[in-house]
């Protein structure tokens with residue numbers, strides 16, 4: 001996988017970004033136009049970082065919709081194995097928030113990976 005794929009994403013047009021602006025902090029809004037374009041690609045390939053072990057490749061796919069409150073159905077498959085597939089439903093605005101985190105993390109680490117919160121939700125391990 002070519003890590004520079006995230007660097008080539010063009011920002012979404014302002015009209016598409018405006019509907020999502022109220023859902024995000026000022027810091028998140030900076031990456032929002034690129035995150036929306038990434039969202040519109042309906043998939044992401046990356047590697048789950050494993051501390052002290054080998055990274056695990058994943059492919060995440062999701063359904064597309066136009067409104068922030070619409071529900072996205074997201075599937076993440078690890079290591080190309082069907083028995084390592086996990087699914088979650090979340091609001092588009094939440095999925096895009098996670099994509100903003102992917103982009104922010106990529107700036108620092110040059111690794112494409114979701115944050116801990118995403119994985120806790122995906123694996124249904126949210127703490128109450």
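Laboratory data are not the source of any read-out in this text; all were calculated from the coordinates shown. In this text the structure is predicted, and so the values were computed from the model without any measurement. Every residue, glycine among them, receives a Cβ derived from its backbone with ideal geometry; neighbour counts consider all protein chains shown.
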| For the residue pair residue 123 and residue 55, what label-to-label distance in nm results when each label sits 7 Å from Cα along the Cα-to-beta-carbon direction? | 1.8 nm
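From Cα pairs below 8 angstrom and at least 6 apart in sequence, can you work out the relative contact order of the range 80-128, rounded to a whole percent?
Reported as a whole number, the value is 33 percent.
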| request: Could you work out how far helix 92-109 tilts from the main Cα principal axis of the chain, as a 0 to 90 degree angle to the nearest 10? | output: 70 degrees
| said: I need the per residue convex hull volume for the range 1-66, using only the alpha carbons, in cubic angstrom as a whole number. | reply: 115 Å³
| task | May I ask for the distance between the Cα centers of the range 40-65 and the range 68-128, given as a whole number of Å? | result | 8 Å
| note | Expressed in µm² per second, the diffusion coefficient of the chain from the Stokes-Einstein equation, with Rh the Kirkwood radius over alpha carbon pairs, at 20 °C and 1.002 mPa s, is 143 µm²/s
